[in-house]
1. Would you mind telling me the antiparallel percentage of the DSSP bridges in segment 3-228, rounded to 5?
2. Could you compute Rg(Cα) / (2.2 N^0.38 Å) for segment 126-230, with N its residue count?
3. At 222 nm, what helix-only mean residue ellipticity would the chain give, in deg cm²/dmol to the nearest 500, using -39500 (n - 2.57) for each DSSP H run of four or more?
4. Given an 8 Å cut-off on Cα distances and at least 6 residues of separation, report the relative contact order of the chain as a percent.
5. Mind putting a number on the dipole of the chain about its Cα centre? Charges go on the C-beta only, +1 for Lys and Arg and -1 for Asp and Glu, and I need it in Debye to the nearest 20.
6. What Rg and what Dmax come out for segment 3-228 when only alpha-carbon atoms are used, in angstroms?
7. In units of 2.2 N^0.38 Å, what is the alpha-carbon radius of gyration of segment 12-95?
8. Which aspartates and glutamates does residue 202 reach when only Cα atoms under 20 Å apart count, and residues fewer than 8 places away in its own chain are ignored?
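Just so it is clear, none of the values below were taken in a lab; they were calculated from the coordinates. Worth saying up front: this structure is predicted, and the values here are computed from it rather than measured. Heads up, the Cβs are rebuilt from the backbone with ideal geometry, glycines too, and the neighbour counts pull from every protein chain shown.
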Amino acid sequence: MARRVELGQGRAPTEGAGHEVVRFDLPGHGEDRTPAAEVTLGGYTDRVVEVLDARSEPVVLVGHSLSGTVISQVAERRPEKIEKLVYLCALLLPSGKSALEASQEDGDSVALENAEVEADRGRIVLSEAGMREAFCHDCPEENFERARRLITPQPLAPLGTPVEVTEGRFGSVRRTYVHTTQDRAVSPAAQERMYAELPCEKVVSMSTGHLPFFAAPEELAGHLDSLAKL
């Protein structure tokens, strides 16, 4: 049975397909109350490594959005603990590039233009209108309300920290990609550029925005199931 470790908080529809799904919050997100100014990319990575080290078998590791940088760093630290990586409309970046750089290069994204930097608190805050525009334009209203409650201000430090990976470790782990073709946060063109630069063994597409687990959960579950079984 494949085991999928999923970053963040939300539904786990693939459990019905026989997968064991492990969900948890990264520092400063969901129910974790670590202050934004104390959150780092290394801290995100440490949290996931702790989860993997507690498990006896390699996992399918899914990362959404910014968590793409996290699963890449985890693969660098623990390649032997990962069966494959799944980048869910996520940042798949080469060594030396940060999430902030990638976002600034994405001229079709509306995320940064709807965000306010609170430098004194070490975080970026997205307005409710910006959240709807960038993340939830295709989500049912009840799911938007849930997303609004769960999405917390984004700590700044992880955005500005470059990914540091090597071909011998990160590059040895199989990787796949779920491309969201109506995405307004990480644009479809930016996603395509990323998996062209760092090729994935399989890319599947969904006609959704940035939160496919709210916009089309059953379709996403089917894709995750098929990618886990590759």
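1. Working: 7 of 31 bridges.
Expressed as a percentage, antiparallel bridges in segment 3-228 total about 25.
2. Values: Rg = 15.5 Å, N = 105, 2.2 N^0.38 = 12.9 Å.
Normalised by 2.2 N^0.38 Å, the Cα Rg of segment 126-230 equals 1.20.
3. Numbers: 9 runs with 78 residues, N = 230.
Mean residue ellipticity, 222 nm, calculated: -9500 deg cm²/dmol.
4. Working: 442 pairs, mean separation 53.2, N = 230.
Reported relative contact order: 23 percent.
5. On the way: 25 positive and 37 negative charges, 120 e Å.
Here the chain has a charge dipole of around 580 debye.
6. Just the Cα atoms of segment 3-228 yield Rg and Dmax of 16.0, 46 Å.
7. Values: Rg = 12.9 Å, N = 84, 2.2 N^0.38 = 11.8 Å.
My calculation over the Cα atoms of segment 12-95 gives 1.09.
8. Partners within reach: 6, 83, 167, 183, 192, 218, 219, 225.
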